[in-house]
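The values are calculated or read from the model by the stated rules, or taken from the named source; none is laboratory data. These figures come from a predicted structure and were not determined experimentally. Every residue, glycine among them, receives a Cβ derived from its backbone with ideal geometry; neighbour counts consider all protein chains shown. Protein only, heavy atoms only, side chains kept; ligands, DNA and RNA dropped before computing areas. Shrake-Rupley method; radii C 1.70, N 1.55, O 1.52, S 1.80 Å.
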Amino acid sequence: MRAAELLLAVDVVVPHTDADGLSSGALALRARGEAAADAVLLGRGLTPFGDDPPLPQGSAAVLDWGVRPLARPGLLVDHHAPEAEPRADQLVVSGYGEWPETTTAALVRRLVSEGPAWLAAVGAVGDLGDAGFVLPECAGAPRTAVRRLVPLVNAPRRLPDGPVREALALLVESPSPGAALADARVALLEEARTEWRAELDRVRRTPPDVRNGFALVRFSSRAQIHPLIAAQWERRLAPRAVIAANDDYLPGRVNFSVRGGAGDLRRWLRDALPEATGEFAHGHDRATGGSLTPEDFELLLVRLSS
């Protein structure tokens with residue numbers, strides 16, 4: 001398969017830093033005989049896209065970042081809604097529209113079938129919950145250990161300087177999820193989880209501001225908790241859309257997540273602020289968000305309320 005050959009041939013692997021991204025990266029790195037140190041892990045506020053991405057020159061395997069214009073040759077593997085056609089020197093493997101939904105780690109395991117099923121399961125359960133276990137690429141994965149490992153792998157990216165590479169190293173080097181949980185380095189992931197959960201507990205008491213057609217929950221935190229806050233209030237404020245906005249995630253930006261409501265949330269945002277560019281209204285139809293200047297975010301709120 002051309003995609004499998006390309007995954008092994010590209011110059012560098014660029015995984016997203018959530019459980020699905022790191023698991024897909026671990027599968028790719030294992031197949032390539034590389035270590036966690038060889039992966040490109042992008043810091044907070046950075047993406048591999050744009051005209052001048054923060055990537056080395058050469059070809060790249062971009063895993064779980066979406067399908068958007070990429071200024072490098074190589075491979076994109078992803079399950080979000082594609083937003084661009086690949087160039088002639090690029091190949092896309094997409095799980096978008098498959099049922100059941102196929103996450104990026106499961107897609108990568110299709111390409112490198114010798115990779116362990118438990119790694120595909122860490123990614124799938126990270127995105128889909130227990131529904132991820134039904135994917136054929138996850139068959140035979142030990143459920144209890146995977147369930148315990150997923151929140152620990154997800155925790156580092158939610159802090160400004162969390163141990164993301166250590167989480168990737170555990171996935172690359174461990175023969176099983178049980179072995180990963182028994183590794184001394186898992187203590188770093190446990191500390192990260194404790195820290196961001198304390199922030200989540202603090203912020204989740206913020207009351208919503210119910211507006212015309214949506215609800216706004218606005219707060220300040222250095223932790224990446226806006227997606228979790230949006231999901232928490234989505235259930236309580238249905239059928240309204242919920243915008244969870246964080247004023248302190250990145251300097252000079254308002255980072256926000258949107259859940260609930262009806263229809264394609266990405267289109268809802270884009271129709272309200274069509275001039276916005278960059279990190280805005282990407283991701284899933286029913287789970288999106290963005291990063292805007294405070295001025296643009298206030299304009300978005302005004303237009304959504306009208």
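Based on DSSP, what percent of beta bridges with both residues in the chain are antiparallel, to the nearest 5?
Taking every DSSP beta bridge with both residues in the chain, the antiparallel ones total about 45 percent.
Return the distance in nm (one decimal) between the two label points of a simple spin-label model at R87 and S113, each offset 7 Å from Cα along Cα→Cβ.
3.3 nm
Where q = 0.13 Å⁻¹, what log10 of I(q)/I(0) comes from the Debye formula for the range 120-265, counting one point per Cα?
For the requested q values the scattering log ratios are -0.68.
Show me the three semi-axes of the equivalent ellipsoid for the range 155-225, from the C-alpha gyration tensor (sqrt of 5 times each eigenvalue), largest first, rounded to whole Å.
33, 12, 10
With angles folded into 0 to 90 degrees, how steeply does helix 226-237 sit against the dominant principal axis of the chain? Use alpha carbons for both and round to 10.
Computed tilt is about 60 degrees.
If I stretch the segment between A262 and D209 completely, what's the gain in nm (0.36 nm per residue apart, minus their alpha carbon distance), one decimal?
17.2 nm
Subtracting the Cα-Cα distance from 0.36 nm times the residue separation, let me have the gained length for D201 to D271 in nm, one decimal.
Taking 0.36 nm per residue and subtracting the Cα distance, the gain is 21.9 nm.
Roughly how big is the chain's charge dipole about its Cα centre, with Cβ charges of +1 (Lys, Arg) and -1 (Asp, Glu), in debye to the nearest 20?
Charge dipole, the chain, about its Cα centre: 880 debye, nearest 20.
Taking all protein chains as present, what is the carbon and sulfur share of the accessible area of the range 1-118, in % to the nearest whole number, probe 1.4 Å?
Percent of accessible area from carbon and sulfur atoms in the range 1-118: 52.
Averaging sequence separations of C-alpha pairs under 8 Å and six or more residues apart, then dividing by the length of the chain, give the relative contact order as a whole percent.
12 percent
Counting heavy atoms of the protein chains only and a 1.4 Å probe, report the per residue accessible area for the range 219-306 as a whole number of Å².
With the other protein chains kept in place, the range 219-306 gives 44 Å² per residue.
On full extension of the chain, what length is gained from Y96 through E298, given 0.36 nm per residue of separation minus the C-alpha to C-alpha distance?
Using 0.36 nm per residue and subtracting the Cα-Cα distance, I get 69.5 nm.
When the chain is modelled as a GNM with alpha-carbon springs shorter than 10 Å, which of L29, L46, L119 fluctuates the most?
L46
Rg and Dmax of the range 38-78, Cα atoms, in Å?
Every Cα atom of the range 38-78 included, Rg and Dmax give 9.4, 24 Å.
Averaging sequence separations of C-alpha pairs under 8 Å and six or more residues apart, then dividing by the length of the range 75-212, give the relative contact order as a whole percent.
Across the range 75-212, relative contact order equals 15 percent.
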